[in-house]
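Working notes, structure below.
Please treat every number below as a calculation from the coordinates, not as lab data. Predicted model only: the values in this text are computed from it and were never measured. Cβ sites come from the backbone with ideal geometry, for glycine too, and all protein chains shown count toward neighbours.
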Amino acid sequence: MSLIHDSINATTLTYCLAEHIPDFHGPITLTKFSGGQSNPTYKLDTPSHRCVLRRKPDGVLLPTAHAIEREYRIMSALASTDVPVARCWWLCEDVAVIGSAFYVMDYVDGRIFWDPTLPDLSAYERNAVYLEMNRVIKNLHRVDWHACGLADFGKPSNYFARQIDRWTKQYRASETTLIPAMERLIEWLPRNIPADDVTSIIHGDFRVDNMIFHPTEARVLAVLDWELSTLGHPLADFAYHCTAWFVPASSGRGIAGYDFEAAGIPSLASYVDRYRAAMPHLHFDARDWQFAVAFSFFRIAAILQGVMARALQGNASSAEAIETGQRAAMYAELGWQQLSLVPT
C-alpha cells in the first residue's frame, strides 16, 4: 500500500481524481496545511495539477459539524456570481477512499493575511484591503440565492432564534467547564432577537485570514472555509466580520486599541456605514447592532468550546487546539461586555 499522508492511499486517490479532473495524473505529493481547527486541509501537487483536498476529521463528530458537503455545494453555486471562490472539482462522500468524506478544489496562489492589523502593509494598502473585504461581503449578501440554486440551502426565516438554539445545544454537547458569561448570553439572547427578518447567503466565518488576496493587488481571489455558510440574516454575518474591532490587537486576532487613522484601517463606524449604504433593504438600529455583535461572540465561544472538546478527545486537527479552545471564555466575556456598546 502506498501512503502519502496520514492514512491516505495514494494509488486509490490518484485513480479516483483522474476520473473527475481532466488530464489529471500522478504521482501525488500531499502536504497538510498548518493552522485551522476544523477540517484537515492538504495541498495536493502533481505534474499536471495543483489542488487542495479538504476532508472531515477522524473520530466522533458533533451533529451538523464539519459539513464539507455544504462547502462544496455553495462554492460550486457561487462560481457564476461576483463572489470569488476556488473552482471545485469533486466531492467524494465514500469514506472508503481516504477514510472520510472530502472534496477537491483548485489551489489559488496568493496572499493570506493572518494578522488583521496587516503589519507588513503600508497604510494605503491596509485601507485598500479593508475596503475590498467590505465590497466582497456586500456582494455576497446581495447574491440572488434563488437564482443560483440555493433556495433549499437553509431556512429563510427566524435565523437568530434557530442559531441560538443550535449553538446552545452544540455548546452543551461539548461543555467541559462552567463559563458564567456564556450562561448569561444563553439566557439573554433569545429574549432580545431583532424584529427585522432578512435573508441572504451568509458565510459564517468571514474574516481576513479566510481569504486569498492577489499577490500584489488588494483584490480577493477566493473566499475560503464555507463550512458554516447557510441562508441567514446578513447582519449576523457582517457583525461577526466586525468582531475584529472589539478583540485586542495585542492578541494577534483583532484590531481593538489600534491607531486606525495612522494605520489606514477604517474606524468601525465608517466601515459599518459603508456596508449599510450598499444594503438599503437592510435596516438596523443601535440595539440590533448590539445584539448582533453579542450573538457573534456567543457563537464564536460555542465553536471554540467544540475545539476544546475535540482536543480533549484527541481528534482535533491542530496541535494548538487546546490553547484555541481555552479562548472560549474570553470570547463569551467579550460578548457579554458588548451588550452596553454600539459602534463608535
> Quick one: 237, 82, fewest Cβ neighbours within 10 Å first, how do they rank?
Replying inline: 82, 237
> Over the chain, what is the mean sequence separation of C-alpha contacts under 8 Å (at least six apart), divided by residue count, expressed as relative contact order in percent?
Replying inline: 19 percent
>> Which of rounded, prolate or oblate describes the stretch 152-212 when judged by the alpha-carbon gyration tensor and an a/c cut-off of 1.5?
In response: oblate
> Given the rule -39500 (n - 2.57) for each run of at least 4 DSSP H residues, summed and divided by the residues of the chain, what is its mean residue ellipticity at 222 nm, to the nearest 500 deg cm²/dmol?
Replying inline: -12000 deg cm²/dmol
> Using the C-alpha atoms of the stretch 136-244, what convex hull volume per residue, in cubic angstrom, is computed?
Replying inline: 131 Å³
>> Using only the alpha-carbon atoms, how far is helix 286-313 inclined from the longest principal axis of the chain? Give it as 0 to 90 degrees, nearest 10.
In response: 40 degrees
> Taking Cα atoms of the stretch 86-176, Rg/Rh with Kirkwood Rh, to two decimals?
Replying inline: 1.06
> How much length, in nm to one decimal, is gained on full extension between residue 287 and residue 269, taken as 0.36 nm per residue of separation minus their Cα-Cα distance?
Replying inline: 5.0 nm
> Can you give the angle from 0 to 90° between the axis of helix 159-174 and the longest principal axis of the chain, with both taken from C-alpha atoms, to the nearest 10?
Replying inline: 60 degrees
> Between residue 157 and residue 95, what length in nm is gained on full extension when 0.36 nm per residue of separation is reduced by their alpha carbon distance?
Replying inline: 18.9 nm
>> How large is the Rg to Rh ratio of the stretch 22-142 when both quantities use alpha carbon positions and Rh follows Kirkwood?
In response: 1.00
> How much space per residue, in cubic angstrom, does the convex hull of the C-alpha atoms of the chain take up?
Replying inline: 135 Å³
>> Give me the base-10 log of I(q)/I(0) for the stretch 260-315 at each q in 0.12 Å⁻¹, Debye formula, one uniform scatterer per Cα, rounded to two decimals.
In response: -0.51
>> Angle check, please: helix 10-20 long axis (alpha carbons) against the longest principal axis of the chain (alpha carbons), in degrees 0 to 90, nearest 10.
In response: 70 degrees
> Tell me, in nm to one decimal, what length is gained between residue 34 and residue 172 on full extension, where the rule is 0.36 nm per residue of separation less the Cα-Cα distance?
Replying inline: 46.8 nm
>> Quick check: Cα centre of the stretch 157-201 to Cα centre of the stretch 262-300, how many Å?
In response: 19 Å
> So for the pair residue 69, residue 197, with labels modelled 7 Å out along Cα→Cβ, what separation do we get in nm?
Replying inline: 2.7 nm
